[in-house]
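*Asks:* Take this structure, written in structure tokens, and hold onto it; I'll ask about it next.
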């Protein structure tokens, strides 16, 4: 079973995403801020991270940097409301694997997640 | 060698008369004074020695004071006998007084040229001023020449006549240089004289730079100017040189000042925009999260399928929630796009019709609140223009917001877009039924910091004008109090049709879905 970690400071968002992915037979972990996310990445070792950019404390970009440093194999999908082109290009430079904008289309999101997982399998 | 100046017989007579009169006058007065002194001291005249002494002193005193007395006497005699010269002097003095206070180079030129033309009875006179950018002397004012000639009169800085001015410095007469120079030079200079329709050239040299020159013809009678007239002109030109040099400096400063104004307003405007951008991105963030939750929960439920959703009505409601939240998010995204200047679009090809439609949709809510109707008279297939997409958006948004502000409540905004084939320009007219602008206000409506609304900075229309200028077009306003205003913009169309194709391709690659961005970054 693939493990997804959802990082968003909005609990409701974490909640419905969790429900959605559990329905789709994924293992789901959530984190509501950057510190929590970094701690859980070590313990839970998820394969995919859904990462919100704008968060209090450590923001998504810093989390991305840290995660990719620790384990470049973890696929990171950046979730943004509206970000500037600079922010997005910075995220890609730091190794983000894709980015999606809010409000999310869950079907598109799932397709993207599946694609990333199959790529992970290929890489192994 | 021909004589430089033709001294008239009348002038010779007058000079001679002045000399005689002042000599006699002086001699007589001094003789009398000395005689009086001699008589006072009771020295006898019988002695022939004393008589010689008196004569001796008389001559000495006369000689010493002759120059001063002569000039005083000649001034008065001239007034009677040479009324013409005294007229020239007074007219030139009046002219000097006038031009000292003028800063505009064209105004100085017009005044000088017209006065000289009338005072000296010459066929024509022109003032040429050096243009640093074109490296050419252009006639900025002339009198007595046909319009046809004026419009094309300029002379290159490499012209041999100009070079000759640098070496000679004083005025040059067409008749006098021929014998001094080689045949080739003489013929080239002669040709330039011909071109300028001139007989005399007065170089105006300031700090070793030939900043301008006066080209003057013969008199209307066909006679050349005489020595006095030439001297008058020479003296006058010393002042004219200073004034033209000052006017040029002033113009340079003014240009710099305008540039600074432009920069300042752009800085202010961009500060204003970045404030709007911050606000918009903040709102977008705050809105997108609840929208994501609403839409997300609806999607989760929807995707659970028949086990949870037992009727079509419920499914329809959920689907509507998903599509409508998406629409709401799109609106905030559009708002952001409007405020965010994009680096890469410094110049792109722009479809004005699209921009007008976007802008109208952006303000349509505000207009519906204020009961303002918008009438579009838009011609299809208008060619593209080249410019910054962000700037063009700002231009039309400013103008439409301006129209809304002018109307206040209830009214009509008419937006007309058409292509004028003959001039190859696009014309956009934005008319409102607002309060209108008085005639004296239309003159400074495009000035920076000019506003009639207390809540405005007064940069909107100035920025519009700057944008139109950068697009190579023009903007003007026609207005009637209580009837409304119309802003008329003309924009040049790019020439090559090929660009149309490039534009279409570009549009297809528009960054809308994340995958294309992902692709771009790889």
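Only the coordinates and a few stated rules stand behind these numbers; no lab work does. Bear in mind that the values here come from a model prediction, so they are computed numbers and not experimental data. For neighbour counting, all protein chains shown are included, and Cβ atoms are generated from backbone atoms with ideal geometry for every residue, glycine included.
*Asks:* I need the shape label for chain A. Rule: rounded when a/c is under 1.5, else prolate if a/b > b/c, else oblate, with a, b, c from the alpha carbon gyration tensor.
*Replies:* Details: a/c = 1.22, a/b = 1.12, b/c = 1.09.
The shape class here is rounded.
*Asks:* Next up: In nm, what is the difference between 0.36 nm times the number of residues separating residue B:183 and residue B:480 and their Cα-Cα distance?
*Replies:* Between residue B:183 and residue B:480, full extension yields an extra 100.3 nm.
*Asks:* Let me ask something additional. Taking only DSSP H segments of four or more residues, each worth -39500 (n - 2.57), what value at 222 nm results for chain A once the sum is divided by all its residues, to the nearest 500 deg cm²/dmol? Could the numbers behind the result be given before it?
*Replies:* Numbers: 5 runs with 62 residues, N = 124.
My calculation for chain A gives -15500 deg cm²/dmol from helical runs alone.
*Asks:* Applying 1/(1 + (r/R0)^6) with R0 = 56 Å to the Cβ-Cβ distance of residue B:206 and residue A:58, what FRET efficiency is obtained, to the nearest 0.05? Show your work: numbers first, answer last.
*Replies:* Numbers: r = 68 Å, r/R0 = 1.21.
With a Förster radius of 56 Å, E is 0.25.
*Asks:* Where does each of B:90, B:58 land when they are ranked from fewest to most other beta-carbon atoms within 10 angstrom?
*Replies:* Numbers: B:90 11, B:58 20.
Ordered from fewest to most neighbouring Cβ atoms within 10 Å, B:90, B:58 come out as B:90, B:58.
*Asks:* Relative to the present Cα-Cα distance, how much length would full extension add between residue B:17 and residue B:251 at 0.36 nm per residue of separation? Please report the intermediate quantities before stating the final value.
*Replies:* On the way: separation 234, 0.36 × 234 = 84.24 nm, distance 4.98 nm.
The span from residue B:17 to residue B:251 would gain 79.3 nm if fully extended.
*Asks:* With a 10 Å Cβ neighbour count serving as the proxy for reagent exposure, in which order, fewest first, do B:316, B:175, B:432 appear? Walk me through the numbers on the way to the answer.
*Replies:* Working: B:316 10, B:175 18, B:432 26.
Ascending Cβ contact count within 10 Å gives the list B:316, B:175, B:432.
*Asks:* Using a Förster distance of 51 Å, how high is the FRET efficiency between residue B:27 and residue B:131, based on the Cβ-Cβ distance and rounded to 0.05? Can you show the working numbers first?
*Replies:* Details: r = 59 Å, r/R0 = 1.15.
About 0.30, to the nearest 0.05.
*Asks:* Now, a different point. Please compute, over every Cα-Cα pair in region B:161-307, the percentage with a separation greater than 24 angstrom. Working shown, then result.
*Replies:* Details: 6635 of 10731 pairs.
For region B:161-307, the fraction of Cα-Cα distances above 24 Å is 62 percent.
*Asks:* Residue B:438 versus residue B:304, label points 7 Å from Cα toward the beta carbon: distance in nm?
*Replies:* Taking the simple label geometry, residue B:438 and residue B:304 are separated by 7.0 nm.
*Asks:* Still on this structure, please answer the following. Between residue B:470 and residue B:234, with labels modelled 7 Å along Cα→Cβ, what's the label distance in nm to one decimal, could you check?
*Replies:* Reported label-point gap for residue B:470 and residue B:234 is 5.5 nm.
*Asks:* Just want the ordering: B:13, B:429, from fewest to most Cβ atoms lying within 10 Å of their own Cβ. Kindly include the intermediate steps, with their values, before the conclusion.
*Replies:* Values: B:13 11, B:429 16.
Ascending Cβ contact count within 10 Å gives the list B:13, B:429.
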